[in-house]
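Let me begin by presenting the structure, written as structure tokens, before commenting on it.
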Amino acid sequence: MLRQYFEMKSRVPDAILFYRMGDFYEMFFDDAREAAPLLGIALTARNRDSDIEAPMCGVPWQSADAHIARLVAAGRKVAICDQVEDPRVAKGLVRRDITRVVTPGTVLDPNALLPGAACFLAALSPAPADWGLAFLDLSTGRFHAGRLAPGRLREAFALFRPREALLPDGFELPFASDVAVSHRPVAWFEGARDGAGLPVTSDDPAALAASAAAAARAYAEEMRPRGLPHVLLPEPLKFDERMRLDASAIATLELFESSEGDSRASLCSLLDRTRTPMGARALKDAISRPSLDPVELEDRWDAVGELFANPDVRGSIQAALDGIGDLERSFGRIAVATAGPRDVAAWAAGLRRIPALCAAAEPLVSSRLRRVIDGLPDVSDLAARAEQTIAPDPPVLVSAGGAIRSGADAELDSLRELRRGAQGTLLEIEAEERRRSGIATLKIRYNRVFGYSLEVGAAHRDRVPADWIRRQSLANAERFVTPALKELEEKILGAEERIGGIEARLFADLLTDLASGAGRMARAATAIAAIDLLAALAEVAETGRWVRPRLSRTPRISISSGRHPLVERHRREEPFVPNDCELSPERRIVVLTGPNMGGKSTYLRQVATIVLLAQMGSFVPAEKAELSPIDRIFTRVGAADHLLRGESTFMVEMLEAAAIVRDATAASLILLDEVGRGTSTFDGLSIAWALVEHLHDAPGKSGFVLFATHYHELTEIALVKPAVANATMAVKEIGGRVVFLKKVVPGAADRSYGIQVAELAGLPLDVTERAREVLSNLEKQELDVQGAPVLARRAGESAGAGQLLLFSGAEELVLDKLREADLDRLTPIAALALLATLQDRLKG
């Protein structure tokens with residue numbers, strides 16, 4: 001047995017091997033040591049305390065899928081080694097073979113999948129310039145391929161969120177990631193490419209994409225050797241035709257999870273009024289890849305608008321969607337022959353809901369909805385084929401028996417009739433032998449090892465007829481068989497075995513037939529997902545009082561009374577204060593000042609969220625919104641995720657600022673929040689000032705900019721740069737306490753209200769009072785701590801209200817001399833001499 005085990009293990013050295021032994025899957029040696037703590041099961045051993053001790057653990061075969069799901073969720077691969085021979089007919093050791101391998105990126109088991117999220121395998125084909133890139137979701141058959149510069153792979157992974165990446169030996173992901181990575185030899189990649197009929201040497205875009213796609217398919221076929229009929233040709237990845245969103249923007253805008261890591265508090269969760277898992281996955285895709293095409297945007301808004309305006313029709317559509325289920329993933333399991341009879345019955349029932357969906361959508365006239373509805377393929381024949389084969393209330397597994405409908409197969413019906421008749425004959429034999437022996441307590445029993453027997457109590461042994469044949473002796477009973485019972489047993493067991501074989505064959509034939517409808521099922525799933533998504537967006541728009549955006553023919557973002565949907569939803573203790581935003585070529589950059597907790601960061605995120613919602617095809621939370629398509633949203637806001645990688649906050653700020661300067665275009669939206677705070681005040685302000693100037697002076701490389709800052713000096717840029725405007729968060733002081741009005745108004749803040757915010761946060765009174773003393777002294781530049789004077793202004797800083805002088809040391813000295821001069825006592829000659837001295841100082 002161990003020789004067989006090691007032979008199987010050698011084929012999957014990087015996987016935990018589930019080795020079937022009777023009713024258990026066993027793991028041995030290092031696999032057992034690794035799996036036991038992850039599964040929370042006991043680690044035992046065979047031949048303990050000997051030189052051939054074999055550490056082991058095991059799980060019942062019925063619960064194997066749940067345990068496999070836990071291991072895969074922990075980033076492990078699992079290979080399943082099954083018995084492929086009937087133990088009853090095996091001569092010696094039962095033959096076994098690896099029937100499937102489950103990896104994080106090739107999961108099909110529903111227990112290991114999130115219904116509303118894709119499960120992508122990423123395959124990468126490195127090249128000197130761009131890399132080939134493919135994403136395959138084996139659970140649905142969704143397949144995409146394209147090429148991308150290595151520097152943008154992190155961005156692609158943030159959008160598709162693959163669970164596993166496949167690379168040639170010697171290559172790693174060119175960015176830090178927690179995605180599970182698998183490798184194959186370079187020769188294996190070349191073989192996959194050659195098997196797809198690609199040129200031996202080619203780095204053109206199409207060949208790069210096809211090479212990655214070939215690797216993804218070959219790897220998935222390794223895991224599922226029975227074939228992948230539901231995986232069709234890959235769709236091209238056209239990154240430049242969609243708004244670019246990097247990991248920073250996705251996190252800042254809380255698209256898929258909140259800043260605390262809660263997916264229920266994300267924008268996706270807020271929008272998810274979908275009725276099917278297919279629609280939920282389509283929603284994530286729409287959020288991840290907003291459109292840049294004005295025609296497509298108008299098309300989507302028309303569809304959402306019609307469903308918004310017809311709530312009764314929308315309600316009927318959503319009612320029909322409620323019973324459809326996850327046709328896409330169910331078909332994926334059918335295609336690779338892992339679906340059970342109950343899965344197929346539920347899938348067929350979902351198909352039967354499609355006509356009701358079409359009928360509910362019949363009144364709709366918008367072009368996008370009509371294309372989707374009219375393009376729904378007829379799949380009624382697939383439903384009929386399943387219904388003609390599967391029993392009305394089928395078991396989970398075909399091996400349990402009773403999966404096939406009566407009338408589906410004449411031989412099966414005949415055997416079942418024989419089995420039913422045999423049950424009656426058993427009762428007749430029991431009654432006859434009870435009469436003949438006079439043993440009233442006689443019973444016919446069945447045992448998997450000994451078969452059918454006449455069982456009598458030990459007290460009645462002397463009354464047993466002579467022609468009974470003893471089969472088994474128990475402590476308090478004896479079991480016997482008669483020639484008639486033996487003959488009937490052979491008929492029953494023969495019929496049972498043949499019934500099981502026929503049911504298994506008929507079910508396998510059914511799965512094969514259904515898999516031939518892969519193309520139609522893919523189109524049907526896509527259409528249903530699109531309808532579900534549009535209906536969900538219309539529902540959100542109605543309940544949230546959202547409006548249809550308008551496209552601007554000129555570069556512009558114009559929002560009236562915009563609201564941040566997440567803040568409005570989750571912070572209901574006070575009414576949300578809406579705000580306007582006006583950005584245009586004449587007013588491209590807004591420098592936003594104001595206190596902490598004043599709402600600056602919320603405002604920045606709000607504008608970007610409204611833009612993203614519009615370009616994914618949704619209505620938006622505002623009274624009015626008009627915008628031109630934005631090609632990318634840049635965010636320089638937080639750095640917590642980078643700190644774990646050993647990068648300082650300031651270094652992250654500078655890396656992201658450099659990316660903005662390098663990659664932004666005239667159609668980009670840039671959010672900058674407190675840039676420069678990670679270093680000294682003087683350095684930070686200098687960099688922030690220079691960055692705003694650069695963004696202003698390079699209009700073709702900056703687009704629209706919202707710059708939130710505590711550096712109030714930056715507001716002076718608006719005096720010399722015409723496309724820069726100042727705005728501030730309104731604040732009111734009442735009785736020495738500050739009230740944040742959360743309203744964006746023109747102008748600049750004159751102070752930061754840091755001490756007041758500290759009071760609101762609960763800092764002790766003695767601390768805040770002392771802070772006021774320190775602030776007053778700093779403003780006078782006369783603070784004396786333990787006799788040591790601090791000359792903040794001479795050093796270039798004033799710690800009072802965050803002010804700082806934009807002058808060199810010589811210029812600062814000149815200013816000090818001018819302040820100290822007593823003009824009432826200065827004679828004209830002395831004044832001229834002073835001016836000459838100061839001028840010389842500046843020149844020197």
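The values are calculated or read from the model by the stated rules, or taken from the named source; none is laboratory data. Note that this is a predicted model, so its numbers are computed, not measured. Glycine also receives a Cβ, built like all others from the backbone with ideal geometry; neighbour counts cover every protein chain displayed. Protein only, heavy atoms only, side chains kept; ligands, DNA and RNA dropped before computing areas. Shrake-Rupley method; radii C 1.70, N 1.55, O 1.52, S 1.80 Å.
Could you run through the stretch 456-506 and say how many residues are open to solvent by less than 20 Å² (accessible area, probe 1.4 Å), assigned to a strand (DSSP E or B) and β-branched (Val, Ile, Thr)? Residues in the stretch 456-506 being open to solvent by less than 20 Å² (accessible area, probe 1.4 Å), assigned to a strand (DSSP E or B) and β-branched (Val, Ile, Thr): 2 in total.
Residues that are open to solvent by less than 50 Å² (accessible area, probe 1.4 Å) and under 16 Å from residue 67 (Cα atoms) within the stretch 22-35 comprise 25, 26, 27, 28, 31, 32, 35, listed in sequence order.
Here the condition is being under 18 Å from the mean Cα position of the chain (by Cα), surrounded by fewer than 17 Cβ atoms within 10 Å (Cβ to Cβ) and aliphatic (A, V, I, L, M); of 74, 134, 118, it holds for 74 alone. In the stretch 88-115, the residue that is farthest from residue 136 (Cα to Cα) out of those that are touching a residue at least 24 places away in the same chain (Cβ under 8 Å), part of a loop (DSSP other than H, G, I, E, B) and of a type outside the set (S, T, N, Q) is 93. Against the criterion of being more than 30 Å from residue 671 (Cβ to Cβ), in a helix (DSSP H, G or I), open to solvent by less than 20 Å² (accessible area, probe 1.4 Å) and in contact with a Leu (Cβ under 7 Å, 6 or more places away or on another chain), residue 207 qualifies.
When residue 82 is tested against the conditions (1) open to solvent by 20 Å² or more (accessible area, probe 1.4 Å); (2) in contact with a strand residue (DSSP E or B) (Cβ under 6 Å, 6 or more places away or on another chain); (3) assigned to a helix (DSSP H, G or I), the lone failure is (3). Pairs linking a residue in the stretch 30-55 that is without any contact (Cβ under 8 Å) to a residue 12 or more places away in the chain to a residue that is loosely packed, with under 12 Cβ neighbours inside 10 Å and in a loop (DSSP other than H, G, I, E, B), with Cβ atoms under 6 Å and 6 or more positions apart or on different chains, are 53/47.
Screening residue 446 with (1) in a loop (DSSP other than H, G, I, E, B); (2) open to solvent by 70 Å² or more (accessible area, probe 1.4 Å); (3) not polar (S, T, N, Q) gives one miss only, at (1). Of all residues assigned to the stretch 565-577, at least one qualifies as being of a type in the set (A, V, I, L, M, F, W, C) and open to solvent by 40 Å² or more (accessible area, probe 1.4 Å). Residue-level analysis places residue 584 outside the set of residues that are touching a helix residue (DSSP H, G or I) at 6+ places or on another chain (Cβ under 6 Å), closer than 24 Å to residue 292 by Cβ and of a type in the set (S, T, N, Q). Looking only at residues that are basic (Lys, Arg) and closer than 18 Å to residue 211 by Cα in the stretch 142-178, which one is nearest to the chain's Cα centre (by Cα)? Selected residue: 142. Taking residues in the stretch 218-241 that are closer than 29 Å to residue 149 by Cβ, and partners anywhere that are modelled with pLDDT under 95 and of a type in the set (S, T, N, Q), the pairs with Cβ atoms closer than 6 Å and at least 6 places apart or on different chains are 220/106. Are any residues in the stretch 462-485 in contact (Cβ under 8 Å) with a residue 24 or more places away in the chain, closer than 25 Å to residue 419 by Cβ and charged (D, E, K, R), and if so, which ones? Listed by number, the list holds a single entry, 479. Just so you know, in the stretch 654-672 the residues that are crowded, with 20+ Cβ neighbours inside 10 Å and either hydrophobic (A, V, I, L, M, F, W, C) or touching a Leu at 6+ places or on another chain (Cβ under 6 Å) (or both) include one that is farthest from residue 630 (Cα to Cα), and it is 657. Here residue 40 passes the criteria (1) within 23 Å of residue 165 (Cβ to Cβ); (2) exposed (fewer than 14 other Cβ atoms within 10 Å of the Cβ); (3) small (Gly, Ala, Ser) except the one numbered (1).
Of the helices (runs of 4 or more DSSP H) that lie entirely inside the stretch 553-670, those containing 1 or more residues that are closer than 26 Å to residue 264 by Cα span 565-570, 600-615, 640-643.
Of the listed requirements (1) part of a helix (DSSP H, G or I); (2) open to solvent by 40 Å² or more (accessible area, probe 1.4 Å); (3) within 30 Å of residue 416 (Cβ to Cβ), residue 510 misses just one: (2). Restricting attention to the stretch 297-342, which residues are out of contact with any helix residue (DSSP H, G or I) (no Cβ under 6 Å at 6 or more places or on another chain) and without any contact (Cβ under 8 Å) to a residue 24 or more places away in the chain? Listed by number, the residues that qualify are 309, 312, 315. Please verify whether residue 543 is part of a helix (DSSP H, G or I), open to solvent by 40 Å² or more (accessible area, probe 1.4 Å), closer than 30 Å to residue 348 by Cβ and modelled with pLDDT of 95 or more, treating the condition exactly as stated. No: the conditions fail for residue 543. For the stretch 277-324, taking the residues that are part of a helix (DSSP H, G or I) and β-branched (Val, Ile, Thr), the one that is most open to solvent (accessible area, probe 1.4 Å) is identified as 295. Looking across the stretch 726-749 at every residue that is more than 38 Å from the chain's Cα centre (by Cα) and of a type in the set (Gly, Ala, Ser), the one that is most open to solvent (accessible area, probe 1.4 Å) is identified as 735. Scanning the stretch 721-732 for residues that are modelled with pLDDT under 90 and more than 13 Å from residue 599 (Cα to Cα) yields a total of 1. Does residue 336 satisfy the criteria of being under 28 Å from the mean Cα position of the chain (by Cα), open to solvent by 10 Å² or more (accessible area, probe 1.4 Å) and of a type outside the set (Ser, Thr, Tyr)? Considered against the rule, which asks whether it is under 28 Å from the mean Cα position of the chain (by Cα), open to solvent by 10 Å² or more (accessible area, probe 1.4 Å) and of a type outside the set (Ser, Thr, Tyr), residue 336 comes out as no. Annotation note: Cβ proximity below 9 Å between a residue of the stretch 508-530 that is more than 14 Å from residue 332 (Cα to Cα) and a residue that is outside any helix (DSSP H, G or I) and of a type in the set (Ser, Thr, Tyr) (sequence gap 6+ or interchain) occurs for 528/276; 529/274; 529/276.
For residue 144, the requirement of being surrounded by fewer than 19 Cβ atoms within 10 Å (Cβ to Cβ) and in contact with a strand residue (DSSP E or B) (Cβ under 7 Å, 6 or more places away or on another chain) is not met.
Within the stretch 221-276, the residues that satisfy the criterion of being part of a loop (DSSP other than H, G, I, E, B), closer than 30 Å to residue 513 by Cβ, of a type outside the set (Lys, Arg) and open to solvent by 30 Å² or more (accessible area, probe 1.4 Å) are 225, 229, 232, 233, 234. Entry remark, the stretch 752-777: residues being touching a strand residue (DSSP E or B) at 6+ places or on another chain (Cβ under 9 Å) and open to solvent by 70 Å² or more (accessible area, probe 1.4 Å) number 1 in total. Just the residues that are open to solvent by 100 Å² or more (accessible area, probe 1.4 Å) and in a loop (DSSP other than H, G, I, E, B), please, taken from the stretch 817-843. Within the stretch 817-843, 823, 824, 825 qualify.
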